[in-house]
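Working notes, structure below.
The values are calculated or read from the model by the stated rules, or taken from the named source; none is laboratory data. Since we're looking at a predicted model, the values are computed, not measured. With ideal geometry, Cβ positions are generated from the backbone for all residues, glycine too; neighbour counts draw on all protein chains shown. The area values use the complete protein model at the heavy-atom level, side chains included, leaving out ligands, DNA and RNA. Shrake-Rupley method; radii C 1.70, N 1.55, O 1.52, S 1.80 Å.
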Amino acid sequence: MLFRSPAAPSAALDTTVQLKNQSRESIFSIHVSPVASDKWGPDLLGSDVLLPGKEFTLQPPVSQGCRYDVMVEYESGKKQERRDQNFCELVEIDFDGRVR
């Protein structure tokens, strides 16, 4: 994971984060939701897939805050999550396919 440089107090919040597929298999779906939500948001990839080594830009609305949960589903059907991620501080989130 990469973090943003400390911003000046007057800087606008930026929730743009690059999701990187560092696994050996394609990602078939990406879901993001605010940490306070008990439901996942829609699949952001739609009919596309995220191939190994590629990245996808996440840009949830700043109006919903900075903290989000992210879940991906791989071609094999296994799922991997990153909970309580601060999108205002992160630049990228790596998904490596290792489900813990």
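A few notes on this one:
- If you sort Phe95, Phe56 by accessible surface, 1.4 Å probe, largest first, the order is Phe56, Phe95.
- Percent accessible area from carbon and sulfur atoms, the chain, protein chains only, probe 1.4 Å: 51
- Distant-in-sequence amide contacts of Lys54, defined by a placed amide H-H separation under 5 Å and a gap of 5 or more residues or a different chain, comprise Asn21.
- For segment 61-87, backbone nitrogen atoms closer than 20 Å to the point 7 Å from Val49 Cα along Cα-to-C-beta are found at 71-81.
- Heavy-atom accessible area order for Glu75, Glu25, largest first, 1.4 Å probe: Glu75, Glu25
- Zone residues, segment 60-79, relative to Leu13, backbone N less than 18 Å from point 7 Å out along Cα-to-Cβ: 60-70
- Surface exposure of the chain, expressed per residue as accessible area with a 1.4 Å probe, stands at 61 Å².
- Legend: Rg and Dmax of the chain, from Cα coordinates, 13.4, 45 Å.
- Projected label distance in nm at Phe56 and Lys78, using a 7 Å step from Cα toward the beta-carbon: 1.8
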